[in-house]
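Novice: Take a look at the following structure, please.
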2 protein chains.
Amino acid sequence: MAQSRAPIAGRFTAQEVALATRNSGMPLEALRYDLTPAGLHYLLIHFDIPAADAESWRLEFCGEVERPFSLGIAELRAMAPRTERVTLECAGNGRGQIAPRYPSVPWLEEGVSTAAWTGVPLARLMDRAGLRTGVKELAFHGADRGIDRGVEHEFARSLSVEEALRDDVLLAYQMNGADLLPQHGAPLRLIVPGWYGMASVKWLQRIEALARPFDGIQQGASYHFRAHSMARGIPCRRIRVNSLMAPPGIPDFYTRTRSAHAGAIRVSGRAWSGNAPIVRVEFGVDGAWQDAALAEQASPFAWRGWHAAWNARPGIHELACRATDAAGNVQPLDPLWDLGGFGNNAIQRVSVTVAD
Amino acid sequence: MAQSRAPIAGRFTAQEVALATRNSGMPLEALRYDLTPAGLHYLLIHFDIPAADAESWRLEFCGEVERPFSLGIAELRAMAPRTERVTLECAGNGRGQIAPRYPSVPWLEEGVSTAAWTGVPLARLMDRAGLRTGVKELAFHGADRGIDRGVEHEFARSLSVEEALRDDVLLAYQMNGADLLPQHGAPLRLIVPGWYGMASVKWLQRIEALARPFDGIQQGASYHFRAHSMARGIPCRRIRVNSLMAPPGIPDFYTRTRSAHAGAIRVSGRAWSGNAPIVRVEFGVDGAWQDAALAEQASPFAWRGWHAAWNARPGIHELACRATDAAGNVQPLDPLWDLGGFGNNAIQRVSVTVAD
């Protein structure tokens, strides 16, 4: 059984800094892009980026199936492609704001991005394999190998058959119209729209049909909401309603605090939810909320743009934004406690010093 | 006068973590690539990434010149291009390993990468502008604006006329054969091969010929080697001899410590210097050094590949690498003190646990 790590209080460890440096966040000014450009999309790489060769890569479909097979990237490319615009967020986004916090990537708020993924619906390969009666889950095995809490493994996750059959679940080989980059799972990855990023297994090399629930560490132990280390926990699945603004004004280099001049300022950002479309974003100034204007929702699982007018007066002000989805979910004002630091969708607060 | 920030001892601040998340490092396994792929090249972005439009972008050449002018990106693209393969390293790389450390980006060792940059030699535009007699320096002004130690400014640096005239100093609009990405200075940046990265000004919008030394904060105050805050300091310029290995074996997720099985392991990495070609790399195991094999040096200012054979025996071992350049510079075994955390080229040490 995997051991839990002891939560950390106060300042950050060298291990957390090393993980923050490897696992880049999306700088918040990149909220201006509908599609996050290459190299600005957030990264969560559990182990090392594998040295993968697209020419020789094989995806194996095995387990409880009538017709096991393997195929190469060229065969996938020859099938009719489908493109989905998808917002991915790390389940641990916001972990660094929870006290005490779990020892892992200390995301503050930048673990979210949006890309257009192109590939083949997983359901087509399931058809070809022919699931046997009694299959409950598909397990997806990546090529990235390492050790987590004492357990050596390749990163792997599972989906229920029902979820796997959704026509927007893709085996993707392109991102924003270009071949996958090494750090995004080249040459092949899973994309599960609406779910936190851990479901979208990178460097995908094997799909295994199982008559039982998959019990790999990243499925059975990690990525659970837990109040304490003995709790069984609730699996992290769909992305909770969330929103961010691009902080207005200019930053201080070290503190990243913002300064602006008094006057009319257009504040803009994005809102998203894996559960239902975004129906409302509120923009807050010093605790007073107003409705923001919403842009079109380009795709069911892509973030929705918003903007608001701020008449900035001299002084120090706290800006915030708060999204609501069509299922009635609203962001909380403060982080909810979670042992692993998962699912923190508390509102963003941005302090701006306004000068005459 | 810009104020110095007080050094930090012990664990890392939330500000340092925010900077580490924004300013991504190159994961060390990416040392396998001769040219660092898009999105894996390290980033040091002082303020926000500007929202730049390549179509309307203008570069102004002004100051003490006979024929001031401005031009657009299309005009630069119409000129004969030149491509240079260049290793850039952040002057603050390794800062996070110095105790106490300066409050800034807490690089451990990942602030280095190599790309092929395409553009137009700066010297051609200097010809066109016609420097007046008495010009000492060119100042390069970016579009990225913010506050550093109380001083509001756009990031700007200068070069002596002699340095600016080097035929490998480029105004670059492409990286690895593609248009510059926003975070790398799109649509136009300076590339100064051999110098630490701060010299290669991004989002370049103005070149100013000066009859006096440029005194902007990033030139006159920042980026100096200093033993204490009252010291005048020595400017950071050329990249000190340095090297890294891709850590062998597999990582632990949180600690990033490595594990491997006993037997023959090929260890490889890169070495670079802004002062002279790399002539030697030594590979160390538990303090015993052997010469590594060197690959060709593809370009004067690009890193040089190396590899070594390691007969890994069970136990915990410390691996290291140490480069020497043709000017006789050798990496130190331990970090040299510097107030700002600049130029730390101490050898990398990698602990590996070897099992039977």
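Novice: Out of the residues in segment B:11-25 meeting the condition of being open to solvent by 10 Å² or more (accessible area, probe 1.4 Å) and without any contact (Cβ under 8 Å) to a residue 12 or more places away in the chain, tell me which one is nearest to the other protein chains (Cβ to nearest Cβ).
Specialist: Here the answer is B:Arg11.
Novice: Tell me, which residue of segment B:332-356 that is under 17 Å from B:Val281 (Cβ atoms) and not basic (Lys, Arg) is most open to solvent (accessible area, probe 1.4 Å)? Give the steps one after another, and end with the answer.
Specialist: Filtering segment B:332-356 for residues under 17 Å from B:Val281 (Cβ atoms) gives B:332-333, B:345-350.
Cutting the leftovers down to not basic (Lys, Arg) gives us B:332-333, B:345-348, B:350.
Numbers: B:Pro332: 32, B:Leu333: 80, B:Asn345: 13, B:Ala346: 13, B:Ile347: 12, B:Gln348: 5, B:Val350: 11 Å².
Among them, the one singled out is B:Leu333.
Novice: Still on this structure: Can you name the number of the only condition in (1) free of Cβ contacts under 8 Å to residues at least 24 places away in the same chain; (2) on the phi > 0 side of the Ramachandran plot; (3) among the aromatic types (Phe, Trp, Tyr) that B:Phe253 fails?
Specialist: So B:Phe253 meets the others, but not (2).
Novice: Then there is this: Restricting attention to segment B:281-306, which residues are under 21 Å from the mean Cα position of the chain (by Cα) and outside any loop (DSSP other than H, G, I, E, B)?
Specialist: Of the residues in segment B:281-306, the ones under 21 Å from the mean Cα position of the chain (by Cα) are B:281, B:297-306.
Within segment B:281-306, B:Val281, B:Arg304, B:Gly305, B:Trp306 qualify.
Novice: Please specify each residue of segment B:140-163 satisfying the condition of being touching a strand residue (DSSP E or B) at 6+ places or on another chain (Cβ under 9 Å) and farther than 30 Å from A:Thr353 by Cα.
Specialist: B:Ser158, B:Leu159, B:Ser160, B:Val161, B:Glu163 - these are the residues of segment B:140-163 that are touching a strand residue (DSSP E or B) at 6+ places or on another chain (Cβ under 9 Å) and farther than 30 Å from A:Thr353 by Cα.
Novice: Ok, one more. Just for segment A:239-265: of the residues that are of a type in the set (A, V, I, L, M) and farther than 26 Å from A:Arg280 by Cα, which one is farthest from the other protein chains (Cβ to nearest Cβ)?
Specialist: A:Ala262
Novice: Do we find that B:Glu75 is within 25 Å of B:Ser222 (Cβ to Cβ), of a type in the set (D, E, K, R) and more than 26 Å from the chain's Cα centre (by Cα) in this structure?
Specialist: Judged against the criteria, B:Glu75 is not a match.
Novice: Another question, if that's okay. Scan segment A:209-244 for residues that are touching a residue at least 12 places away in the same chain (Cβ under 8 Å), part of a loop (DSSP other than H, G, I, E, B) and either open to solvent by less than 40 Å² (accessible area, probe 1.4 Å) or closer than 18 Å to A:Tyr102 by Cα (or both) and report the count. Give the steps one after another, and end with the answer.
Specialist: To start, the set of residues in segment A:209-244 that are touching a residue at least 12 places away in the same chain (Cβ under 8 Å) comprises A:209-214, A:216-219, A:221-229, A:231, A:235-244.
Filter once more, so that each one left must be part of a loop (DSSP other than H, G, I, E, B): A:211-214, A:216, A:221-223, A:226-229, A:231, A:236-237, A:239-241.
Filter again for either open to solvent by less than 40 Å² (accessible area, probe 1.4 Å) or closer than 18 Å to A:Tyr102 by Cα (or both), leaving A:214, A:216, A:221-223, A:226-229, A:231, A:236, A:239, A:241.
Summing the residues that are touching a residue at least 12 places away in the same chain (Cβ under 8 Å), part of a loop (DSSP other than H, G, I, E, B) and either open to solvent by less than 40 Å² (accessible area, probe 1.4 Å) or closer than 18 Å to A:Tyr102 by Cα (or both) in segment A:209-244 gives 13.
Novice: So, A:Gly249, is that one in contact with a His (Cβ under 7 Å, 6 or more places away or on another chain), surrounded by 17 or more Cβ atoms within 10 Å (Cβ to Cβ) and at pLDDT 95 or above or not?
Specialist: Working: in contact with a His (Cβ under 7 Å, 6 or more places away or on another chain): no; surrounded by 17 or more Cβ atoms within 10 Å (Cβ to Cβ): yes; at pLDDT 95 or above: yes.
No.
Novice: Within segment B:82-95, does at least one residue satisfy the condition of being open to solvent by less than 40 Å² (accessible area, probe 1.4 Å), away from every other protein chain (no Cβ under 13 Å) and more than 27 Å from B:Pro248 (Cα to Cα)?
Specialist: The first filter runs over segment B:82-95 and keeps only residues open to solvent by less than 40 Å² (accessible area, probe 1.4 Å), leaving B:84, B:86-95.
Then keep just the ones that are away from every other protein chain (no Cβ under 13 Å); that gives B:84, B:86-89, B:91.
Within this subset, residues satisfying the condition of being more than 27 Å from B:Pro248 (Cα to Cα) are B:84.
Yes, there is a match, as at least one residue in segment B:82-95 is open to solvent by less than 40 Å² (accessible area, probe 1.4 Å), away from every other protein chain (no Cβ under 13 Å) and more than 27 Å from B:Pro248 (Cα to Cα).
Novice: Sort out which residues of segment B:310-331 are under 19 Å from the mean Cα position of the chain (by Cα) and open to solvent by less than 10 Å² (accessible area, probe 1.4 Å), and write them in order of number.
Specialist: Correct list: B:Ala323, B:Asp325, B:Gln331.
Novice: Of the conditions (1) open to solvent by less than 10 Å² (accessible area, probe 1.4 Å); (2) farther than 29 Å from A:Arg67 by Cβ; (3) more than 14 Å from chain B (Cβ to nearest Cβ), A:Val201 clears all except one; give me its number.
Specialist: (2)
Novice: Which members of segment B:141-194 meet the condition of being free of Cβ contacts under 8 Å to residues at least 12 places away in the same chain and either more than 12 Å from chain A (Cβ to nearest Cβ) or not in a strand (DSSP E or B) (or both)?
Specialist: Passing the criteria: B:Glu162, B:Leu180.
Novice: Tally time: how many residues in segment A:159-174 are out of contact with any Phe, Trp or Tyr (no Cβ under 8 Å at 6 or more places or on another chain) and open to solvent by 20 Å² or more (accessible area, probe 1.4 Å)?
Specialist: Looking only at that region, the number is 7.
Novice: Under 7 Å between Cβ atoms, at least 6 apart or on separate chains: pull out the pairs that start in segment B:26-50 with a residue that is at the interface with chain A (Cβ under 8 Å from one of its Cβ atoms) and end on any residue that is of a type in the set (Val, Ile, Thr).
Specialist: B:Pro27/A:Ile45; B:Pro27/A:Ile49; B:Glu29/A:Ile49; B:Ala30/A:Ile49; B:Ala30/B:Thr36; B:Phe47/A:Ile250
Novice: Only residues that are open to solvent by 40 Å² or more (accessible area, probe 1.4 Å) and over 18 Å from A:Leu40 (Cβ atoms): list them for segment A:175-189, please.
Specialist: none
Novice: Determine if segment B:54-71 includes at least one residue that is touching a residue at least 60 places away in the same chain (Cβ under 8 Å), within 11 Å of chain A (Cβ to nearest Cβ) and within 19 Å of B:Arg157 (Cα to Cα).
Specialist: No, segment B:54-71 has no match at all.
Novice: Does A:Gly263 satisfy the criteria of being touching a residue at least 40 places away in the same chain (Cβ under 8 Å) and more than 23 Å from A:His41 (Cα to Cα)?
Specialist: In short, yes.
Novice: Separate question: Any residue in segment A:104-113 that is closer than 30 Å to B:Arg32 by Cα, more than 14 Å from chain B (Cβ to nearest Cβ) and touching a residue at least 12 places away in the same chain (Cβ under 8 Å)?
Specialist: The answer is no; no qualifying residue exists.
Novice: Check A:Gly119 against each of (1) within 14 Å of chain B (Cβ to nearest Cβ); (2) in contact with a helix residue (DSSP H, G or I) (Cβ under 9 Å, 6 or more places away or on another chain); (3) crowded, with 19+ Cβ neighbours inside 10 Å and name the one condition it does not meet.
Specialist: All conditions are met except number (1).
Novice: Do you know which residues across segment A:102-116 are in a strand (DSSP E or B) and open to solvent by 10 Å² or more (accessible area, probe 1.4 Å)?
Specialist: Within segment A:102-116, A:Ala116 is the sole residue that qualifies.
Novice: Among the residues that make up segment A:257-267, is at least one of them part of a loop (DSSP other than H, G, I, E, B), among the basic types (Lys, Arg) and surrounded by fewer than 21 Cβ atoms within 10 Å (Cβ to Cβ)?
Specialist: No; the residues of segment A:257-267 include none that is part of a loop (DSSP other than H, G, I, E, B), among the basic types (Lys, Arg) and surrounded by fewer than 21 Cβ atoms within 10 Å (Cβ to Cβ).
The values are calculated or read from the model by the stated rules, or taken from the named source; none is laboratory data. A quick note: this is a predicted structure, and the numbers were derived from the prediction, not measured. Backbone-built Cβ (ideal geometry, glycine too); neighbour counts: all protein chains shown. Calculation scope for accessible area: heavy atoms of the full protein, side chains included, ligands and nucleic acids excluded. Shrake-Rupley method; radii C 1.70, N 1.55, O 1.52, S 1.80 Å.
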